[in-house]
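Worksheet for the structure shown next.
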Amino acid sequence: MTPSRTSAAASTRRRCPRPEAPAPSRRVAAGLLLLLLPLAAGAHGGPHDSIDVGEGRTDGAPDLATNYGLLVPGEGEDWAWICEEVTGPQGFSAQAQVQGRWFLGSVGGLQASEDGCDWPLVGGGALDGLFVTSVQGDVAVASRLWVTTASGDQDHALWRSEDLGATFAPVPGFEPGATLRGFGQGEGGLPLFVVGWVGTQPTAWISADGAAWSAHPIPPEDVYGVAILGVADGAAWVRLAGLDQDRLARLDPDGALVEALAMGGAITAFDAGPAAGTLHVGGREVGLRTSLDGGESWGPAVAGPAPGCLRTRGDTRLLCADDQADGAALVRAPLAEGDSATWSWTPVVSYGQVRGPLACPADSDVARLCEPLWDVAAPEAGFDAPTVDDTGKTGDTGEAGETGQARAAPDAPVGCCAGRGAGLVLLAPGWLLLRRPAGPRRSPPGEPPLRRGCG
């Protein structure tokens, strides 16, 4: 059974000041980017990381969300880049692709694009200036969207659109000042689950009919972040973020919260099915673990591509991999039953296949904001690297890995350590001093771009 799509937007325990005004206009942001072009590499500092996969707009190749922006299929095996600055200098905090259209949430509201070139604010002004923490399409109604916000001065922090984002209306039933971090939905559209905070109290809200809501406090011990990872078999699966490790818990429709697994690290991936009771949960540092009995027991961690996300698309599983360690940024495997040890992964794309910004008109957001960043972002992100043939030589004249990150051949098997060390880029020492030593830019996938301990 495939779980409902949810955002993994997480929260933190201590509340910090919320944004009270929209993010700077994209025109102003473009000016700032041009002025600070020599420092742009530092703005994108940290390892390039794949964080989510969209539905895609072309057959067989989904779009990929990373902490550097969106990667979309181009001609042949080449891909194109949409920089995260299209939503403002701080990038996006939530993402979803619905009906082929990307929606990106940020501290300034919700933006959307059908062609990837221009990213206007949507929602008829209702969400402008609000901190969007999750966005997802309804599982039953194609034109419906759900958005959560964490703007504490709003009485209603769950929003619903019936016209694919053109307008939004607040959903009543939440305490004034509640800061919401995630939304989940049962397979047929109900029940509805929301998680967030009331002051310093982590809280879950549940609605069986979409009208009446009940609030259920979550025990706050060692919890500094909360997110809904997915909904499967009628229950929401919740990530409880701690200082040392994340825990996976089952949230039942009656509000009961049952801890199922202490992960030993950060949870960055979750999926369910295809059989009822089958759950998969994983993290970059801890591998994938599987339960065949609805979370009552778990198999050992399975070595393989480091999971940054795990999604089912039709008869295929997609996993956000570690491009440098695994030889690909996104891998796929045929949908299969049982433990992930039996899955056979093949690459979909590596960062080296990204050849440039998406081709757009000169006055578009991508042309004005992304093209000036390409020369400094590409080396750090591992974009536009030469390919490697079976002789070990690159497509140019140098040895493999000499001028950029080598990419795995299409459909070549991918393992836990394939391609390690192939992604080194030789850069000027002065540039290296500007690069952030820590990363990724946003911790873990789906979390808003706030420092830990805030929210």
Let me have the relative contact order for segment 55-152, percent, based on Cα pairs under 8 Å that are six or more residues apart.
-> 18 percent
Under the 7 Å Cα-to-Cβ spin-label approximation, Glu285 and Val258 lie apart by a distance in nanometres of 2.9 nm
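Once Rh for segment 205-275 is found with the Kirkwood sum over Cα pairs, what is the Stokes-Einstein diffusion coefficient at 4 °C and 1.567 mPa s, in µm²/s? Provide the component values of the computation, followed by the final result.
Values: Rh = 12.9 Å.
For the chosen part, D equals 100 µm²/s.
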Stokes-Einstein D in µm²/s, Kirkwood radius over Cα pairs - segment 218-347 at 25 °C with 0.890 mPa s viscosity = 165 µm²/s
Using just the C-alpha positions of segment 44-187 as equal point scatterers, what log10 of I(q)/I(0) does the Debye formula give at each q in 0.09, 0.17, 0.21 1/Å?
-> -0.27, -0.93, -1.33
Whole-Hz ³J(HN,Hα) from phi, Karplus 6.51 cos²θ - 1.76 cosθ + 1.60, for segment 259-275, glycine and proline x = 6, 10, 6, 8, 7, x, x, 7, 8, 10, 8, 8, 7, 9, x, x, 7
For Arg144, the net charge from surrounding residues (Cβ-Cβ under 9 Å; K, R +1; D, E -1) works out to -2
Using a basic spin-label model with each label point 7 Å from the Cα along Cα→Cβ, how many nm lie between Leu292 and His156?
-> 4.7 nm
Computed about the Cα centre, the charge dipole of segment 158-289 from +1 Lys/Arg and -1 Asp/Glu charges at the Cβ has a magnitude in debye, to the nearest 20, of 200 debye
Within-12-Å neighbourhood charge of Pro253 [Cβ basis; K, R +1; D, E -1] = -3
Using a Förster distance of 41 angstrom, determine the FRET efficiency expected from the C-beta separation of Thr346 and Asp209, and round it to 0.05.
-> 0.40
Options Gly242, Gly283, Pro202, ranked by Cα towards positive dipole end of segment 180-290, top entry (Cβ charges) = Gly283
Cβ-based charge dipole, segment 73-115, positive-most Cα from Gln95, Trp81, Gly109 | Gly109
First measure r as the distance between the Cβ atoms of Asp244 and His216, then evaluate 1/(1 + (r/R0)^6) with R0 = 35 Å and state the FRET efficiency to the nearest 0.05.
-> 0.90
Env charge @ Trp374, Cβ radius under 14 Å, K,R +1 / D,E -1, value -4
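Each reported figure results from applying straightforward, stated rules to the coordinates on display, with no laboratory input. Since we're looking at a predicted model, the values are computed, not measured. All Cβ positions, glycine included, derive from the backbone under ideal geometry; neighbour counts span all protein chains shown.
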